[in-house]
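*Asks:* Got a structure here, written out as structure tokens. Questions coming.
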Amino acid sequence: MKTYRMALLVLVLFSFFGQQIIAQELSSSERFALFISYSPLHWLGQGYPTTPDAEHPNTDGIRASGLRSIAGFGVAIPLARALTLHPAIELTFDEYVFKPSIGKAFPTFKSTGSQVEQNAAVASVMGLFFQVPLNFVFVLNESINLELGPGLNFYFLIPTQALDGSENIERIGDYLNKDLRWFYPSVHTSVSFDLDTLIQGAFRIRAFLPLWQAWSGDGLPFYDHLMLDLSFLVRFKL
């Protein structure tokens, strides 16, 4: 009986939203557009302890979970009624330290440096984020839309500059990009609204899921390197 009720509810919701989509003309979120995006609230999870204990005595220089910023650009490509593809490139910058005693690389601060441990390496790291999200568009009214969908994302972390005289910073990149650590499925939702006939704004919430935690063997919580953000987009319709 519960399964029957759930199926009936899904059918009713699908019918309602389907009628809403079909009844509307092509919405502003279903047109070709160039867009820029910016998030000052991009949260990166870090699951390794940051205070020493009996099991983790060497935590110097490891940064806790926290916020950073990310920005980029992309294009909105209509695929079908109420469905668009939003390929994009985003960039972020951070600092990482590789700790030989643990054999892992962690987010850190410039002030930490390689002093935390002999033969440690610390470097500025550029995050190059290739994103391919699908966008399902639900028209709320003539100027406001609800958008949501899944995505496939490829996040490559590239050491760009050694800090504090560090050597062998390639160890950071080798660790951060092995075991498919660059593969991040995602889910997102956003509300878009017309600012002008050819300009649209949107507030977006995203979650990037580190599925590689399932096979990496790190033994860290799933939220390690989980990414969540609240971002703002401006689309220029073509």
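*Asks:* Could you say whether any residue in region 179-198 is crowded, with 17+ Cβ neighbours inside 10 Å, among the aliphatic types (A, V, I, L, M) and under 29 Å from L230 (Cβ atoms)?
*Replies:* No, the conditions are met nowhere in region 179-198.
*Asks:* Right, something else. How about region 149-169: which of its residues are surrounded by fewer than 17 Cβ atoms within 10 Å (Cβ to Cβ) and within 22 Å of the chain's Cα centre (by Cα)?
*Replies:* P150, L152, F154, F156, I158, T160
*Asks:* Of the residues that make up region 213-221, is at least one under 16 Å from K104 (Cβ atoms) and either at pLDDT 95 or above or of a type in the set (S, T, Y) (or both)?
*Replies:* Yes; the residues of region 213-221 include at least one that is under 16 Å from K104 (Cβ atoms) and either at pLDDT 95 or above or of a type in the set (S, T, Y) (or both).
*Asks:* Tell me yes or no: at least one residue of region 3-24 is closer than 30 Å to N145 by Cβ, of a type outside the set (F, W, Y) and at pLDDT 80 or above.
*Replies:* Scanning region 3-24 turns up no residue that is closer than 30 Å to N145 by Cβ, of a type outside the set (F, W, Y) and at pLDDT 80 or above.
*Asks:* Here's something else I'd like to know. In this structure, does R63 turn out to be assigned to a loop (DSSP other than H, G, I, E, B) and modelled with pLDDT of 85 or more?
*Replies:* Numbers: assigned to a loop (DSSP other than H, G, I, E, B): yes; modelled with pLDDT of 85 or more: yes.
Judged against the criteria, R63 is a match.
*Asks:* Continuing with this model, one more query. Restricting to region 198-238, name every residue that is part of a loop (DSSP other than H, G, I, E, B), in contact (Cβ under 8 Å) with a residue 40 or more places away in the chain and over 21 Å from L152 (Cα atoms).
*Replies:* D218, L220, P221, L238
*Asks:* Sticking with this one: Mind listing whichever residues of region 153-200 are of a type in the set (S, T, Y) and closer than 26 Å to W215 by Cβ?
*Replies:* Once the filter is applied, which keeps residues that are of a type in the set (S, T, Y) and closer than 26 Å to W215 by Cβ, region 153-200 yields Y155, Y175, Y184, S186.
*Asks:* Something else: Could we say that S124 is of a type outside the set (A, V, I, L, M, F, W, C) and at pLDDT 90 or above here?
*Replies:* Considered against the rule, which asks whether it is of a type outside the set (A, V, I, L, M, F, W, C) and at pLDDT 90 or above, S124 comes out as yes.
*Asks:* Please verify whether I89 is assigned to a strand (DSSP E or B), under 21 Å from P210 (Cα atoms) and either within 14 Å of the chain's Cα centre (by Cα) or of a type in the set (A, V, I, L, M) (or both), treating the condition exactly as stated.
*Replies:* Details: assigned to a strand (DSSP E or B): yes; under 21 Å from P210 (Cα atoms): yes; either within 14 Å of the chain's Cα centre (by Cα) or of a type in the set (A, V, I, L, M) (or both): yes.
It is true that I89 is assigned to a strand (DSSP E or B), under 21 Å from P210 (Cα atoms) and either within 14 Å of the chain's Cα centre (by Cα) or of a type in the set (A, V, I, L, M) (or both).
*Asks:* Could we say that N153 is modelled with pLDDT under 95 and out of contact with any Leu (no Cβ under 9 Å at 6 or more places or on another chain) here?
*Replies:* Judged against the criteria, N153 is not a match.
The values are calculated or read from the model by the stated rules, or taken from the named source; none is laboratory data. Predicted model only: the values in this text are computed from it and were never measured. Cβ: placed from backbone, ideal geometry, glycine included. Neighbour counts: every protein chain shown.
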